[in-house]
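Trainee: Next up is a structure, given as structure tokens.
Where a number appears in this text, it was derived from the coordinates with a stated rule and is not lab data. All values reported here derive from a predicted model rather than from experimental measurement. Cβ coordinates were reconstructed from backbone atoms using ideal geometry, including for glycine residues, and neighbour counts include every protein chain displayed.
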Amino acid sequence: MRRPFKAAAPVKEGPRANRDIRAPRVQLIDPEGNNLGVQSIQDALNTAEEYGLDLVEIAPNSEPPVCKITDLGKLKYQSQKKAAEARKNQKVIEIKEIKMRPNIDTHDYEVKMKAVRRFFEEGDKVKLTLRFRGREMAHMELGMQLLNKVREEVAEIAKVEAEPKLEGRQMMMVLSPR
């Protein structure tokens with residue numbers, strides 16, 4: 001049985017080149033970067049053929065479109081390298097979670113705060129989660145005081161992205177580096 005729809009034509013990525021350029025007249029740039037002026041598409045293609053290179057549309061939205069005589073394979077390779085370099089240099093921001101209890105001991109608190117500072121230095125966001133158990137639910141203000149204490153301690157290196165909010169038995173706050 002045949003499929004009821006026609007498959008879409010494959011879409012070419014990258015700039016249009018040679019016979020794919022639809023404009024009747026183009027602004028032509030030679031391989032050395034010199035402006036050869038506005039020419040008909042046929043003259044531009046003939047000039048590119050004389051150089052033994054491709055005619056590549058650089059600025060398709062200008063009037064008339066700007067085309068350069070260059071090696072299309074080399075151009076695609078350079079743009080791939082540039083994209084790979086950009087990907088290599090970007091930092092993925094992660095959200096690190098620190099879990100505490102409202103009646104945390106001072107040393108435990110200091111250890112957790114050291115981890116929070118390290119996460120900010122690495123450029124990550126921190127989600128502080130306070131878990132309440134049993135009768136601790138009656139003393140939500142202790143959790144709020146603890147989160148405010150954390151906020152004040154990291155005020156110069158971080159900003160509050162999500163204010164402390166209660167979700168069931170947990171209170172959460174998200175901090176991001178400045």
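Trainee: Would you mind listing how long the stretch 99-178 runs along its three principal axes, going by Cα atoms, in whole Å with the largest first?
Mentor: 37, 26, 16
Trainee: Let me ask something else. With the crude spin-label approximation of a point 7 Å out along Cα→Cβ, what separation in nm comes out for ALA155 versus ARG118?
Mentor: Using points 7 Å along Cα→Cβ, the separation is 2.7 nm.
Trainee: For helix 41-51, what angle does its Cα long axis make with the longest principal axis of the chain, in degrees from 0 to 90 and rounded to 10?
Mentor: 90
Trainee: In addition: Hey, got a sec? Which GluC sites (Glu not before Pro) in the stretch 108-178 land in a DSSP loop and have at most 15 other Cβ atoms within 10 Å? Could the numbers behind the result be given before it?
Mentor: Numbers: sites: GLU110, GLU121, GLU122, GLU136, GLU141, GLU152, GLU153, GLU156, GLU161, GLU167; in loops: GLU122, GLU156.
Qualifying residues, ordered by number: GLU122, GLU156.
Trainee: Sticking with this one: Could you compute the FRET efficiency for ARG22 and LYS88, with r as their C-beta to C-beta distance and R0 at 30 Å, rounded to 0.05? Please list the in-between numbers first.
Mentor: On the way: r = 36 Å, r/R0 = 1.19.
Here the calculated transfer efficiency is 0.25.
Trainee: So what's the angle, to the nearest 10 degrees on a 0 to 90 scale, between helix 140-153 and the longest Cα principal axis of the chain?
Mentor: Around 50 degrees separate the two axes.
Trainee: For the stretch 18-74, what is the largest minus smallest coordinate of the Cα atoms on each principal axis, given in angstrom and ordered from greatest to least?
Mentor: Projected onto its principal axes, the Cα set of the stretch 18-74 covers 25, 22, 19 Å.
Trainee: For the pair TYR77 and ARG101, how long in nm is the line joining their label points, each one 7 Å along Cα→Cβ?
Mentor: Each label point is offset 7 Å from its Cα along the Cβ direction, giving 6.3 nm.
Trainee: Of LYS125/LYS149; LYS91/LYS112; LYS112/LYS165; LYS91/LYS114; LYS114/LYS165; LYS68/LYS91, which pairs sit farther than 28 Å apart, going by alpha carbon to alpha carbon?
Mentor: From LYS125/LYS149; LYS91/LYS112; LYS112/LYS165; LYS91/LYS114; LYS114/LYS165; LYS68/LYS91, over 28 Å: LYS68/LYS91.
Trainee: What FRET efficiency comes out for VAL38 versus PHE5 if R0 is 45 angstrom and r is the Cβ-Cβ distance? Round to the nearest 0.05.
Mentor: Given R0 = 45 Å and the Cβ-Cβ separation, E is 0.60.
Trainee: Still on this structure: Enumerate the aspartates and glutamates that LYS159 could reach by cross-link, defined here as Cα to Cα under 20 Å, with residues fewer than 8 away along the same chain left out.
Mentor: Straight-distance partners of LYS159: GLU94, GLU97, GLU110, GLU121, GLU122, ASP124.
Trainee: On to the next question. Name all residues of the stretch 90-126 having a backbone nitrogen under 20 Å from the label point set 7 Å from the Cα of GLU167 along its Cα→Cβ direction, giving them as ranges.
Mentor: 93-102, 124-126
Trainee: Roughly speaking, what is the stretch gain from MET144 to ARG178, that is 0.36 nm per residue apart minus the C-alpha to C-alpha distance, in nm to one decimal? It would help to have the intermediate numbers written out before the result.
Mentor: Numbers: separation 34, 0.36 × 34 = 12.24 nm, distance 2.25 nm.
Full-extension gain reported as 10.0 nm.
Trainee: How far is helix 106-121 tilted, in degrees, relative to the longest principal axis of the Cα atoms in the chain, given as a value from 0 to 90 rounded to the nearest 10?
Mentor: Around 10 degrees separate the two axes.
Trainee: Distance between Cα centroids, the stretch 134-151 to the stretch 21-44: provide it in whole Å.
Mentor: If you average the Cα positions of each part, the centres end up 70 Å apart.
Trainee: Next question, about the same structure. Taking a quarter of the surface of the Cα convex hull of the chain, what do you get in nm²? Walk me through the numbers before you get to the answer.
Mentor: Details: hull surface 83.5 nm².
One quarter of the hull surface, i.e. the mean projection, equals 20.9 nm².
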